[in-house]
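In what follows, a structure is listed as structure tokens, so that the remarks can point back to it.
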Amino acid sequence: MEIGVQTIGYGKFIDERQAAKLVAQAGFTVLDYWLEEESFLKLPKKEFKKHFEDMRKHINECGLTVGQTHAPFYPYSKHMQNYDEVLELQKRSIAATAFLGAKYVIVHPLRPKNRVFDQAIEETFELNKMYYKEFIPLMEEYDVNICIENLYTADENKFVIPSTCSTAEEMVMYIDKFGDRFYACIDTGHVNLVHREGYEHVNFKHMMKILGDRLKTLHVHDNNGLVDQHYIPYLGTIDWNEFVDALRDNNYDGNLSLESFTFMNKINRDNIDEGLKMMYMAAKRLYDRFVR
């Protein structure tokens with residue numbers, strides 16, 4: 001296991017090349033590379049490949065590797081209105097993942113508005129099956145795997161409610177029926193948000209037991225159980241001992257990768273390095289419990 005962090009959250013102050021140096025200096029050894037900047041994904045083919053291969057070289061020179069990437073994601077309405085364009089961006093994300101030297105890209109499943117609680121499960125599955133199958137030839141070509149993340153949605157009052165793949169059972173249905181190159185990403189904050197009456201089984205111990213060796217990547221962050229705050233561990237209400245114990249029981253062999261970008265958004269330019277060190281210390285505390 002290595003300790004990683006996302007590449008977003010400090011881009012408003014410094015570019016990604018500077019960020020890689022500071023991330024390494026803070027103690028991290030792997031990156032969760034967010035492919036959110038569409039302009040790079042839309043570059044002509046040669047320039048596109050060169051950009052991400054150059055980034056990989058720079059990242060490696062900083063003493064880091066890319067452990068996983070995150071494809072762009074959009075509101076369902078925009079996704080469907082621009083389906084072909086979004087599909088192409090996701091395909092480019094798969095290629096970019098390979099050029100960056102990673103094996104896993106997180107691609108969110110689609111969340112139609114009617115996919116709430118236990119409603120519209122089958123029709124949403126069929127919609128996602130059609131969507132994800134478009135990526136399989138490229139996954140084979142570039143030797144890249146897709147991780148499906150546990151998600152949630154919000155009602156008209158902005159209260160969090162379960163949605164596509166909020167449960168491990170639904171994640172397994174997708175993974176096992178889509179093919180050998182599909183795996184799971186557990187987002188710790190989303191687990192904390194969905195866990196409630198009727199969804200008591202949305203907890204780390206149960207989900208990791210159900211997912212088994214399908215679990216390959218993590219998005220590690222904390223919240224208050226009400227809002228997706230993306231704070232560093234120990235600033236919210238998650239029971240981190242329960243999380244680490246579940247990881248050990250799962251025999252998890254992937255990386256411990258933070259997705260605490262909201263915390264970084266609260267850091268000013270002069271304190272980016274201190275903010276990253278705080279993030280690393282929180283992650284190291286989890287790591288130390290895992291390996292002890």
Can you give the calculated 222 nm mean residue ellipticity of the chain, where each DSSP H run of n ≥ 4 adds -39,500 (n - 2.57) and the sum is split over every residue, rounded to the nearest 500 deg cm²/dmol? -14000 deg cm²/dmol
Packing-ranked peptide list from 257-264, 17-24, 191-198, highest mean Cβ count within 10 angstrom first, is 257-264, 17-24, 191-198
Give me the one-decimal nm value for the distance between modelled label points at GLU134 and PHE117, 7 Å along each residue's Cα-to-Cβ direction. 3.2
Within the chain, which whole H helices from DSSP have a Cα span along their axis of at least 30 Å and a mean Kyte-Doolittle hydropathy of 1.0 or more, if any? none
Given H placed 1.01 Å from N in the peptide plane, which residues other than close sequence neighbours of TRP34 have an amide H under 5 Å from its amide H? THR7, ILE8, HIS70
Counted neighbours (other Cβ, 10 Å), sorted fewest up, put ARG285, ARG292 in the order ARG292, ARG285
Can you grab the distance from the C-alpha centre of the stretch 250-265 to the C-alpha centre of the stretch 129-191, Å, no decimals? 17
Amide H proximity to GLU149 below 5 Å, modelled H, separation 5+ or other chain, gives VAL107, CYS185
Starting from the Kirkwood radius over alpha-carbon pairs of the stretch 136-261, derive D by Stokes-Einstein at 4 °C in a medium of 1.567 mPa s and give it in µm² s⁻¹. 87
Candidates per GluC sites (Glu not before Pro) in the stretch 35-97, loop by DSSP, up to 16 other Cβ within 10 Å: GLU36, GLU37
In this structure, among LYS113/LYS133; LYS133/LYS216; LYS57/LYS177; LYS57/LYS103; LYS209/LYS277, pairs with alpha-carbon gaps over 25 Å are LYS57/LYS177; LYS209/LYS277
Distribution output for the chain: share of Cα-Cα pairs per 10 Å bin in percent, first bin at 0, values 6, 29, 37, 24, 4, 0
Could you give each residue of the stretch 153-164 its phi-based ³J(HN,Hα) in whole Hz, using Karplus coefficients 6.51, -1.76, 1.60 with θ = phi - 60°, and x for Gly or Pro? 9, 9, 7, 5, 9, 6, 7, 5, 9, x, 8, 4
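FYI, it's all coordinate maths here, none of it is from the lab. Nothing here was measured: the structure is a model prediction, and the numbers come from that model. Every residue, glycine as well, gets a Cβ built from its backbone with ideal geometry; the counts of neighbours run over all protein chains shown.
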